[in-house]
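Heads up, the thing below is written out as structure tokens.
What follows draws every value from the coordinates through simple rules; no lab data is involved. What you see is a predicted model, and the numbers here were worked out from it, not measured in a lab. Backbone-built Cβ (ideal geometry, glycine too); neighbour counts: all protein chains shown.
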Amino acid sequence: MKIQITLWAAVILINFGSFAQSPVPGNAVLEKITTVLNSQPEGPVWNDSLGLLFSDIKGNTIYQWSPVDSSTKPYLHPSDSSNGLAYDKSGRLILTQMELRRLARREFDGRITPLVSTYKGKKFNSPNDIAVKSDGSIFFTDPDFNVPLGQKVELSFKGIYRLDTSGTVKLLDSTFDKPNGICFSPNESRLYVNESPNGKIYVWDVLNDSTISNKRLFYTIPLGGYADGMKVDTSGILYCTGPTGVWIISPDGAYLDKIAMPSNPSNCNWGDADRKTLYITAGNSVYRIRLAETTGFRDKGELPRGMELYQNYPNPFNPATNFGFRISNFGFVSLKIYDLLGNEITTVVEGEFSPGEYIFPFSADFLLSSGTYFYRLQSGESLLTKKFVFIK
């Protein structure tokens, strides 16, 4: 048994029965990075441009924690009781919204697009957790933990589903009491889903990218506890949040280790540029631990691909709108507004930017007359131009 105490909060990290194959280094330290009072953090997801995003179910908010200054601020409010978070192939945030009983997508301009809310005409229970496959399809669980108060349960089962890129939803399994955490093996040939109340983790073979078969018990968390969010690393080791900590299971279903937590954790995900840090939500706080001997996954589409200029939103507008873009290379960037004759009116923003997604608010008060204008993004030799309408 190894015990290490972090001085900042007297949190104890205990590795029970740590074997040679454990991915937890002997000097690993569990660190609390942020606390949001009266919160219920869930669904952590990392973005190299933004840092860590996580849902606060009680606060109806998605928060952003910055590794630059350790600040925590609202990223999306209201979030309609978001839970699981992930990125799609294009780099857009996918979220489950339990209050609206649906799966949704946050567009680059900040709008929320509903993806699916019913199966065969009946409302989902309360979509919970997400796994995005490399082909763009979204696998998600639908327990009944958080059916909004006063609303009717319409389905007679709690399902596991696949939403393909055409918008078609397929029921994969309806036998669970309360399906919760979900993730793929590194080569996506296996799908793991846990049954929350009894701590059982099951695994299927993934066939033809869309069908699962050969359901079998993978591991049962002891202590009569539960199983919650989980992830795998690039070697196929599974990390499942459960009673008293994060349970670490080998690809063949053998217990390897446990990261003990000061309160029961709810979910985890990989972060930092090298994906060697595991971020964990627990209680009303978020923690991290450096696992230098293993590497986690980068979410699908998380890094920007090429340069893109978004349509401003709203458009037409009066007096304010939002301009946004994303770039894939570090460099000097300018975003300027021109009239229809090509005369430069003003500069929205310019300077050196790292790869990522950026949104800038803009007010046209006392600057523009009613009419049509162009805005142009320049990064190196690349130019992109779009049109907008200002109405006084």
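Residues whose amide H comes within less than 5 Å of that of Val349, counting only those at least five positions distant or on another chain, are Leu335 (H built at 1.01 Å from N in the peptide plane).
Of the residues Trp204, Asn269, Ser185, the one whose Cα sits farthest toward the positive end of the charge dipole of the chain, with +1 on the Cβ of Lys and Arg and -1 on the Cβ of Asp and Glu, is Trp204. Placing dummy labels 7 Å off each Cα toward the beta-carbon, the span from Glu154 to Glu31 is 4.6 nm.
Say R0 is 35 Å: what FRET efficiency, to the nearest 0.05, do Val349 and Thr295 get from their beta-carbon distance? All intermediate terms of the calculation are to be shown ahead of the outcome.
Details: r = 35 Å, r/R0 = 1.00.
Calculated transfer efficiency: 0.50.
Cα centroid separation, the range 267-290 to the range 34-55: 9 Å.
Quote the FRET efficiency, to the nearest 0.05, computed for Asp209 versus Ser235 with a Förster distance R0 of 30 Å and r equal to the Cβ-Cβ distance. Intermediate results must be reported in sequence, preceding the final value.
Working: r = 23 Å, r/R0 = 0.76.
The formula returns an efficiency of 0.85 here.
Spin-label model, Lys386 to Glu188: label points 7 Å out along the Cα-to-beta-carbon direction sit 2.8 nm apart.
Panel order for Ser49, Ser39, Ser82, Ser263, by other beta carbons found within 10 Å of each beta carbon, from fewest to most: Ser263, Ser49, Ser39, Ser82.
In terms of surrounding Cβ atoms within a 10 Å radius of their Cβ, Val45, Val116 rank from fewest to most as Val116, Val45.
So how much slack lies between Asp109 and Ile359, counting 0.36 nm per residue of separation and subtracting their Cα-Cα distance, in nm?
Values: separation 250, 0.36 × 250 = 90.00 nm, distance 0.74 nm.
Contour length minus the Cα-Cα distance gives 89.3 nm.
Summing charges over neighbours of Phe317, with a neighbour being any other residue whose Cβ is under 15 Å away from its Cβ, gives +2 when K and R count +1 and D and E count -1.
Between Thr165 and Phe145, the distance separating the two model label sites (each 7 Å from Cα on the Cα→Cβ line) works out to 3.1 nm.
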